[in-house]
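Only one structure is covered here, and it is reproduced in the block below.
The values are calculated or read from the model by the stated rules, or taken from the named source; none is laboratory data. Worth saying up front: this structure is predicted, and the values here are computed from it rather than measured. Note: ideal-geometry Cβ built from the backbone for every residue, glycine included; neighbour counts use all protein chains shown. Calculation scope for accessible area: heavy atoms of the full protein, side chains included, ligands and nucleic acids excluded. Shrake-Rupley method; radii C 1.70, N 1.55, O 1.52, S 1.80 Å.
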Amino acid sequence: MLTARTKSGKQICLGYDYKKDVLQTLRNKEEFHCPVCGEKVILKLGEQRIFHFAHNRGGDCRDLYEHESLYHMEGKRQLFQWLNRQRIRAELEYYDKEIQQRPDVVFFHNGKKFALEYQCSTIPESIFMKRTKNYIQNGYHPLWIIGGNHIHQKKKNIVSLSNFHYLFMRGTTEGKYYIPSYCPNHQSFHIVGSILSYSVKNAFVQTTFIPLNKLVISTLLNPHLKEQLPIDSWHRELDKSHLHWSLHPSPQQQRFLHEIYHQNLNPYLLPPEIGLPVRHSILITTSPIIWQTYLYLDGLATKQPGGIIRLEDIRRSINRRIKRKEIIIRNLPQFEHTDPLDAIIDYLFQLENLGFLSRKGEGIFLIKKQLKIPMSNREKEENMKAFYQKYRRIYVKG
Ligand SMILES: [Zn+2]
């Protein structure tokens, strides 16, 4: 840890740049205590590691700091100094006795109190949720930043994102989603934006690297995000992951396969309009192929052109599937309220753009033509080609 108190109660914060000899002198005449448990701590002034305080062996408080890596300490120190340079009132390792939590940095911006948690190690989702809830209930705005060492780029525009990563997700005022990340080694933020997940583990993203000194706090809290997706690579990756999980399905995927075989559908012969990328599909953990197929089965498959689909009915059937755990909703602790129906609405609008539906009024769509289920691989390929030509015109911007 980087903060301790002297015997007289003076706070020493190593987030500021102290010279080594100044600290050596201080160490010779002072005793340091942990602001959380009050125990004596040692000031470490090694050559390799960043100057820091450490508890003696034993004691109750050790767990809190024991596994703190150099990477984490260096990162929070850089973030603290970055806020200081912007003349933002900030405190490093502020311990809030009331809620017994100690965010890495507390700072004030636009009249709001923020709890910055710079997280470089994986913690259980339940702890993440609990801490976040506790912050919100006590007047803090949580700002979780994930360590850059957790962002694994698989290909250009593709990163592995687990449930843990999604806990860090935030929204911009434009309603776009992003995950803020920081790497102290590169002294650079990575803003992982325009996230479109195509499987439980992987997502298409637009990652922007911004050096620490080129970014201000207001931009970190509300970055401008580009939105563009190569639709053919989307389908390629979707197909690959689909093939993978249909060979090794999870219980949830098994139920899906069972249901669609029962409905005489072949999971490899779905039309290109099932599995479309839509912005709010991030609210749903389940693959877009699965939830869009369910939507097709529940609302579209049985109706003829001229028929009506009501959003209310769709909400009911989706809720039923959520209850049965056929569709899994994502935990997004930093949002006050999210509605998975937003993903469904995006999708219906996309089908409208593609000429399958037309809006008849609030929450009502008219079926203009039915989705065509391919009967063979050849037919699937042909549908795909025709789809790309149409889809490019309506979706990909710029
Ligand atoms: Zn302690």
Pairs please, first residue from segment 270-297 and acidic (Asp, Glu), second anywhere and open to solvent by 10 Å² or more (accessible area, probe 1.4 Å), Cβ atoms under 9 Å, 6+ apart in sequence or on different chains.
Glu273/Tyr296; Glu273/Gln350; Glu273/Phe356; Glu273/Leu371; Glu273/Lys372; Glu273/Asn383
The condition from (1) open to solvent by 10 Å² or more (accessible area, probe 1.4 Å); (2) away from the ligand (no atom under 16 Å from the Cβ) that Ile158 misses is numbered (1)
Which of the numbered conditions does Pro305 fail, given that it passes all the others? Conditions: (1) over 25 Å from Met129 (Cα atoms); (2) touching a Lys or Arg at 6+ places or on another chain (Cβ under 7 Å); (3) open to solvent by less than 20 Å² (accessible area, probe 1.4 Å).
(3)
Conditions (1) more than 32 Å from the chain's Cα centre (by Cα); (2) surrounded by 17 or more Cβ atoms within 10 Å (Cβ to Cβ); (3) within 15 Å of Pro272 (Cα to Cα); number of the one not met by Ile367
(3)
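From the list Gly38, Gly15, Gly75, Gly46, pick out the single residue that is exposed (fewer than 13 other Cβ atoms within 10 Å of the Cβ) and away from the ligand (no atom under 16 Å from the Cβ).
Details: Gly38 fails: away from the ligand (no atom under 16 Å from the Cβ); Gly15 fails: exposed (fewer than 13 other Cβ atoms within 10 Å of the Cβ); Gly75 fails: exposed (fewer than 13 other Cβ atoms within 10 Å of the Cβ).
When all the criteria are applied, what remains is Gly46.
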Note on segment 250-265: residues surrounded by 12 or more Cβ atoms within 10 Å (Cβ to Cβ) and in a loop (DSSP other than H, G, I, E, B) are Leu265
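Condition check ((1) within 26 Å of Ile146 (Cα to Cα); (2) within 14 Å of the ligand (Cβ to nearest atom); (3) under 33 Å from the mean Cα position of the chain (by Cα); (4) surrounded by fewer than 20 Cβ atoms within 10 Å (Cβ to Cβ)) across all residues:
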site	(1), (2), (3), (4)
Arg5	no, yes, no, yes
Gly9	no, no, no, yes
Glu30	no, no, no, yes
Asn56	no, yes, no, yes
Ser69	yes, no, yes, yes
Gln81	yes, no, yes, yes
Asn84	yes, no, yes, yes
Could you list, in sequence order, the residues of segment 86-102 that are surrounded by 13 or more Cβ atoms within 10 Å (Cβ to Cβ) and at pLDDT below 95?
Glu93, Tyr94, Tyr95, Asp96, Ile99, Gln101, Arg102
Tell me which residues, restricted to segment 236-249, are touching a Ser or Thr at 6+ places or on another chain (Cβ under 9 Å) and open to solvent by less than 30 Å² (accessible area, probe 1.4 Å).
Glu237, Leu238, Ser241, His242, Trp245
Residue match in segment 187-207 (condition: touching a helix residue (DSSP H, G or I) at 6+ places or on another chain (Cβ under 7 Å) and part of a helix (DSSP H, G or I))
no
Restricting the search to segment 137-155, which residues are out of contact with any Phe, Trp or Tyr (no Cβ under 7 Å at 6 or more places or on another chain), open to solvent by 40 Å² or more (accessible area, probe 1.4 Å) and in contact (Cβ under 8 Å) with a residue 12 or more places away in the chain?
Asn138, Gly139, Gln153, Lys154
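Residue by residue, here is whether (1) open to solvent by 20 Å² or more (accessible area, probe 1.4 Å); (2) closer than 20 Å to His280 by Cα; (3) acidic (Asp, Glu) holds:
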{"residue": "Tyr182", "(1), (2), (3)": "no, no, no"}
{"residue": "Gln187", "(1), (2), (3)": "yes, no, no"}
{"residue": "Gly193", "(1), (2), (3)": "no, yes, no"}
{"residue": "Thr208", "(1), (2), (3)": "yes, no, no"}
{"residue": "Lys214", "(1), (2), (3)": "yes, no, no"}
{"residue": "Lys226", "(1), (2), (3)": "yes, yes, no"}
{"residue": "Trp234", "(1), (2), (3)": "no, yes, no"}
